[in-house]
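Heads up, the thing below is written out as structure tokens.
The values are calculated or read from the model by the stated rules, or taken from the named source; none is laboratory data. Note that this is a predicted model, so its numbers are computed, not measured. Here Cβ is always computed from backbone atoms with ideal geometry, including for glycine, and neighbour counts include all displayed protein chains.
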Amino acid sequence: MSKISEMSKKYNLHSWSAQGKLNPMTVTKAEGIYFWDDEGNKYFDMSSQLVNSNLGHGNRAIIEAIKAQAEKMAFVGPGYAIDVRSEAARKLVEFAGPHFEGGKVFFTNAGAEANENAIKFAKAFTGRWKIFSMYRSYHGATFGASALNGEPRRWIAEPGVPGFIHFDGPYAYRAPKACKFNSEEDVTAFYLDLLENQIQYEDPKAIAAIFVETVVGSNGVLIPPKGYLKGVGELCARHGILLVCDEVMAGFYRTGSKFAFMQFDVRPDIVTFAKGSTCGYVPLGGVIVKKEIAAHFDDRKMFNGLTYSAHPIGCAAAVATLDEYERLGIEENVRKQGKLLADTLDAIEKKHKCVGEVRHIGLFAMIEFVKDKASREPLAPFNGDPEGRIARICAMLKAEGFVTYSHENMIIVAPPLTITDGELKDALGILDRVLDSADAL
């Protein structure tokens with residue numbers, strides 16, 4: 001262990017980990033889709049860090065924008081109007097499409113704060129107090145965002161804020177055994193029926209909002225079946241409930257479009273964002289609200305505020321990042337490389353007995369590992385990896401220069417959106433070879 005790693009263990013608390021078991025890698029350099037450790041080993045960054053380094057490492061335009069803003073005006077409070085603050089908000093409202101014309105942005109520091117503030121907007125606008133969100137979702141680690149979470153990272157915050165209700169979203173691969181689906185439409189109908197029943201059980205007039213990760217991220221890259229999100233939107237409209245699309249992970253071309261909701265024939269009332277807005281170069285998140293919600297606060301006090309809301313350096317980074325998505329032709333590259341990723345992962349699913357299912361959209365994919373394809377028994381159980389099988393797969397990948405992260409019985413494949421054809425083929429070649437060994441686990 002390097003001196004830097006030893007010091008990190010001594011003074012830093014590392015996320016989601018038993019601290020005594022850690023041996024954090026010392027990273028000394030990052031460029032493009034790669035990073036290097038202190039021994040000179042080079043790694044493919046195949047999770048874009050935490051699915052936020054969409055434009056890779058070392059983008060000069062973003063770096064120069066940060067430097068220029070720091071020299072011009074490093075900070076001024078959020079109550080003042082400044083050029084980059086106004087420009088970043090304008091660009092993001094336009095980025096969200098014509099449905100959000102006349103809407104506004106409230107800036108936060110990250111995705112969890114974005115969802116916290118979206119909860120408050122929904123309650124203030126509707127006058128209601130219940131909030132729905134999916135099981136197998138993740139919305140952040142703050143107290144309110146934790147209450148939204150539909151997985152074990154919620155448990156430490158319980159008992160939590162009253163009024164949070166969880167429902168089962170579409171996950172056909174792990175649906176109840178009695179379910180027999182013949183089509184995507186069958187899956188949609190089943191899960192919409194479940195949701196509609198639960199809305200009735202909880203009193204529709206008490207529900208302020210339904211939160212969805214447009215494409216569920218860390219909990220499986222669960223892509224909504226045909227018509228599902230449209231159906232959720234129709235349920236919301238029928239009952240006066242706001243639809244909030246959490247695009248923190250799925251947004252900014254990760255799935256192939258500016259925001260993922262644009263691919264699913266749905267019109268959310270609120271969109272939350274973070275990660276890809278600055279690609280991690282500096283922290284920034286936010287909430288985009290439609291015109292009617294923004295107008296609600298024209299003559300009513302808005303009880304949302306943060307010292308670092310719309311931080312000038314964050315806004316400067318966001319403006320540069322949005323420009324870089326256009327200049328680099330990221331939408332087209334995701335279309336092209338997304339097809340290569342999909343075709344290769346589909347072949348990997350057929351080839352390897354340890355792979356139960358792969359799911360992919362754009363450059364956003366998950367591999368789900370099983371002990372047996374027929375029974376679909378997970379290679380690691382829910383909320384654990386007691387035999388260390390998933391950890392061993394990740395370690396084998398890392399030893400070959402392919403770094404990503406795991407969740408339950410799955411690993412994510414979500415490279416920077418700048419990845420080239422050759423780079424992606426090389427990285428997926430490593431994955432294929434390692435899974436030859438994983439089949440024997």
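Of all residues in region 283-325, which are more than 24 Å from the chain's Cα centre (by Cα), closer than 21 Å to G103 by Cα and part of a loop (DSSP other than H, G, I, E, B)?
Matches in region 283-325: F297, D298, D299, R300, K301, M302, F303.
Given the residues K67, K123, which is the only one that is closer than 20 Å to T272 by Cα, over 21 Å from the mean Cα position of the chain (by Cα), surrounded by fewer than 23 Cβ atoms within 10 Å (Cβ to Cβ) and in the same structural domain as I199 (by TED's automatic domain parsing)?
Within the list K67, K123, the selection yields K123.
So G329 ticks every box in (1) of a type in the set (G, A, S); (2) within 24 Å of A414 (Cβ to Cβ); (3) crowded, with 16+ Cβ neighbours inside 10 Å but one. Which box is left unticked?
It fails just one condition, (3).
Got a sec? Which strands (runs of 3 or more DSSP E) wholly within region 328-441 have at least 2 residues that are out of contact with any His (no Cβ under 8 Å at 6 or more places or on another chain), charged (D, E, K, R) and outside the structural domain of P176 (by TED's automatic domain parsing)?
Result: 355-361.
Evaluate region 420-434: report whether one residue or more is at positive phi and out of contact with any Cys (no Cβ under 7 Å at 6 or more places or on another chain).
no
Output yes when any residue across region 127-138 is over 19 Å from V216 (Cα atoms) and crowded, with 24+ Cβ neighbours inside 10 Å, and no when none is.
No, the conditions are met nowhere in region 127-138.
Out of curiosity, is L92 within 24 Å of the chain's Cα centre (by Cα), touching a residue at least 12 places away in the same chain (Cβ under 8 Å) and either farther than 29 Å from I210 by Cα or not in a helix (DSSP H, G or I) (or both)?
Here the answer is no, as L92 does not meet what is asked.
For region 183-226, name all the residues that are more than 17 Å from A237 (Cα to Cα), buried (at least 24 other Cβ atoms within 10 Å of the Cβ) and touching a helix residue (DSSP H, G or I) at 6+ places or on another chain (Cβ under 6 Å).
T214, V215
Are any of the residues in region 1-23 of a type in the set (S, T, N, Q), within 30 Å of K425 (Cα to Cα) and not assigned by TED's automatic domain parsing to the domain that holds D426?
So far as region 1-23 goes, yes, one or more of its residues are of a type in the set (S, T, N, Q), within 30 Å of K425 (Cα to Cα) and not assigned by TED's automatic domain parsing to the domain that holds D426.
Quick grid of which residues meet (1) under 30 Å from A74 (Cα atoms); (2) among the aliphatic types (A, V, I, L, M):
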residue	(1), (2)
G314	yes, no
A318	yes, yes
L328	yes, yes
V334	no, yes
K339	no, no
E368	no, no
E377	no, no
F382	no, no
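Considering only region 128-145, state which residues are over 17 Å from E213 (Cβ atoms) and in contact (Cβ under 8 Å) with a residue 40 or more places away in the chain.
R128, W129, K130, listed by residue number.
Among the residues of region 259-289, write down those that are more than 30 Å from G58 (Cβ to Cβ) and surrounded by 21 or more Cβ atoms within 10 Å (Cβ to Cβ).
F261, F264, V266, P268, D269, I270, V289
Can you run down the residue pairs with Cβ atoms below 8 Å, 6 or more apart or on separate chains, where the first is in region 16-32 and on the phi > 0 side of the Ramachandran plot and the partner is assigned to a loop (DSSP other than H, G, I, E, B) and of a type outside the set (G, A, S)?
G32/P416; G32/T418
In this structure, is N54 in a loop (DSSP other than H, G, I, E, B), crowded, with 24+ Cβ neighbours inside 10 Å and modelled with pLDDT of 95 or more?
Against the criterion (in a loop (DSSP other than H, G, I, E, B), crowded, with 24+ Cβ neighbours inside 10 Å and modelled with pLDDT of 95 or more), N54 qualifies.
Mind listing whichever residues of region 296-326 are small (G, A, S) and surrounded by 15 or more Cβ atoms within 10 Å (Cβ to Cβ)?
Residues satisfying the conditions are S309, A310, G314, A316, A317, A318, A320.
Search region 396-414 for residues being out of contact with any Gly (no Cβ under 9 Å at 6 or more places or on another chain) and aliphatic (A, V, I, L, M), and hand back the single one that is nearest to S437 (Cα to Cα).
My answer is M396.
I'm trying to understand the selection: among the residues of region 132-183, which are in a helix (DSSP H, G or I), of a type outside the set (A, V, I, L, M, F, W, C) and closer than 21 Å to M410 by Cα?
If the condition is that a residue be in a helix (DSSP H, G or I), of a type outside the set (A, V, I, L, M, F, W, C) and closer than 21 Å to M410 by Cα, then P152, R153, R154, Y173, R174 are the ones that fit.
When region 14-43 is examined, which residues are found to be within 28 Å of R153 (Cα to Cα) and either acidic (D, E) or outside any loop (DSSP other than H, G, I, E, B) (or both)?
Of everything in region 14-43, those that are within 28 Å of R153 (Cα to Cα) and either acidic (D, E) or outside any loop (DSSP other than H, G, I, E, B) (or both) turn out to be Q19, G20, K21, V27.
Before we move on, is E158 acidic (D, E), without any contact (Cβ under 8 Å) to a residue 40 or more places away in the chain and closer than 23 Å to N304 by Cα?
No.
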